[in-house]
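Note sheet for the following structure.
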Amino acid sequence: MSLRVGQFKRWMGTGAAALLLAACAFQTGVDPTLKPIGRPDESGLPVPNVAQPTSPESARLRSYFNQVQQAQLNQGLLRSDGGGPDTPYTAEMLARNFEQIAFYNEYNASFSGRGEKTLMRRWDQPVRMAVVFGDSVPPSARKTDSAAVRAYAGRLSGITGHPITLRGSPNFMVIIAGEDDREAALVQAAQRIPGVTPASLSALRNLRRDTYCIVAAYAGGADPSTYTAAVAVIRAENPSLMRLSCIHEELAQGLGLANDSPTARPSIFNDDDEFALLTRHDEDLLKILYDPRLKAGMSAEQAAPIVRTIARELTGGPL
């Protein structure tokens, strides 16, 4: 039997002051005052000169995820070509996929079932990302992953026309940490992002084995459809392509594309894992999401005629 990647679990908050997660207890044996030694990384935090040893559980996860990635590649999955002649899509398909992905939650707040229909959500203020690594992540991986996040942030900004940088006080934390040091990284996130509390991050602490990455987005202002903060967690045990795939999917979902759809193709917003990296179809979804003709808080019905017009413009279909 071939191994199959488990579904990516996500929870997109609808209001930082009213998050169900905020009621959960946050237990940690990590002293938040501990200071690793070494030079600062791109987030401004110190980097250990050498990676810390990992536990047997982390080593088992690393072996398991390597098997998963190889099995997926053997099946022709985890494509990184962005789609081609074998994956055509029309304006109607693009508009339909946008409705499914932008107007529904993938999961409800307790992860106990499918999410419900919602209003369109996106960022209004500039997105300022920062990357925090667990002590177990070696310097070579930090360098590679930091460069990947920086390049992808620039790509997302170019696609959406929305400011997305790795400068300034962060409001979107990207945590790349292992089983042994995820708690300490979450403590840092809660300390550095206003409106994000340790309790609201509880669901990101104890991840199931088939959860390779996760993102939580928060709307802490007056408008519950406008995001003000986000925290993504990516397991450091993931091999290189799966880790990059997590960066692509979770950062894009944290911008407002909260759901997956089985009909979306070519797309990373599809649990079939055919594509590992953001596709041309997904770029079009992001362009629609941040088109100034749409507004955060619109319903699917309100947005539908505008979405269809934008979809035709993007695909060259008849207007």
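Every number here is computed from the coordinates shown, using simple stated rules; none is lab data. Being a predicted model, the structure only gives us computed values, none of them experimental. Cβ coordinates were reconstructed from backbone atoms using ideal geometry, including for glycine residues, and neighbour counts include every protein chain displayed.
Brief remarks follow.
- Per-residue packing, averaged as other Cβ atoms within 10 Å, sorts the ranges 289-295, 256-262, 122-128, 230-236 into the order 230-236, 256-262, 122-128, 289-295, beginning with the highest.
- Relative exposure of S245, S58, S299, judged by other C-beta atoms within 10 Å (fewest first): S299, S58, S245
- Paramagnetic reach from Q302 (point 7 Å along Cα→Cβ, amide N under 15 Å) across the stretch 190-233: 223-227
- Note on the stretch 248-299: Cα Rg divided by 2.2 N^0.38 Å, N the number of residues, gives 1.13.
- Net charge of Cβ neighbours under 14 Å - reference D223; Lys, Arg +1; Asp, Glu -1: +2
- Fully extended contour minus Cα-Cα distance, from L241 to Q67, at 0.36 nm per residue: 61.4 nm
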